[in-house]
Amino acid sequence: MPYKIIIVDDHKVFAESIASILRNKYEVVEVTSVEKALQIVKTFSPDLILTDLQLPDQDGFFLIKSIKKQGLPAKILVLSSLANQATIHKLVQLEVNGFLNKNVSSIDLLNAIQKIIQGESYFQADIYNDYIKNFKLKSEKVNEITPREIDVLKLIIEEKTTSEIAEILNISSYTVEGYRKNLLYKTGATNVVGLIKYAMKINLI
């Protein structure tokens, strides 16, 4: 079955043009508001939500927070003309899976979607590089462990299985594996023993 994508954008001509590109490969639904997106996400079960930030009822940030709060497994790719560094910083803090400016080419959009669905992140290079430079998020700050990753780490230390962690945190097993990979990368560990050593180092146990 093809992957499912919801496009959230109130500019219908723009949304329809994006949808026409994506329908060659994906199952696509278009909605024009956050309210409609939150209604349909429960029945459509999208793999990816492609959203603008400027929407008529609530903004895209509200949508992202709502999706995260509900623990829904959908990936989130923001496609917006709001490309200032404060916006990017907020999106990074919300742990979205990617960001592209609305003037992006169809090839770059398809490439970003493919990578995100496969479990990677994809931020437009020029925008993200400026963000890294100006917010000084290199080295330690880039690799900072998020609160959600701490939750997963605690459960790994308790020897919970992936499925058990998924049930406890109300997220998918696929998402748990993503957090596990992030933890190994950020801590430099190669296995659970390494994660335990890291947890001891930060006084988690």
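FYI, it's all coordinate maths here, none of it is from the lab. Keep in mind that this is a model prediction, so the values were computed, not measured. Methodologically, a virtual Cβ is constructed for each residue, glycine included, from the backbone with ideal geometry; neighbour enumeration extends over all protein chains shown.
Can you tell me which of ASP151, ASP126, ASP47 moves the most in a GNM of the chain? Springs connect C-alpha atoms under 10 Å apart. Checking each option, the largest mean-square fluctuation is seen for ASP126. Angle of helix 34-44 to the longest C-alpha principal axis of the chain, folded into 0 to 90 degrees and rounded to 10: 70°. Ranking of LEU204, LEU48 by neighbouring Cβ atoms within 10 Å, starting from the fewest: LEU204, LEU48.
By the rule of a C-alpha distance below 18 Å, with chain neighbours fewer than 8 residues away ignored, the lysines paired with LYS160 are LYS181, LYS197. Within the listed set GLY188, GLY71, GLY119, the Gaussian network model of the chain (springs between alpha-carbon atoms below 10 Å) gives the highest mean-square fluctuation for GLY188.
Against the main long axis of the alpha-carbon atoms of the chain, helix 60-69 sits at an angle near 40°. Per-residue ellipticity at 222 nm, computed for the chain from helices alone with -39500 (n - 2.57) per DSSP H run of at least four residues, works out to -16000 deg cm²/dmol.
The value of relative contact order for segment 147-201, using C-alpha pairs under 8 Å at least six residues apart, is 34 percent. Between the helical axis of 12-22 and the longest alpha-carbon principal axis of the chain there is an angle of about 60 degrees. Computed over the chain with a Gaussian network model linking Cα atoms closer than 10 Å, the most mobile of ALA166, ALA74, ALA189 is ALA189. Among MET200, MET1, a tally of other beta-carbon atoms within 10 Å of each Cβ gives an order, fewest to most, of MET1, MET200.
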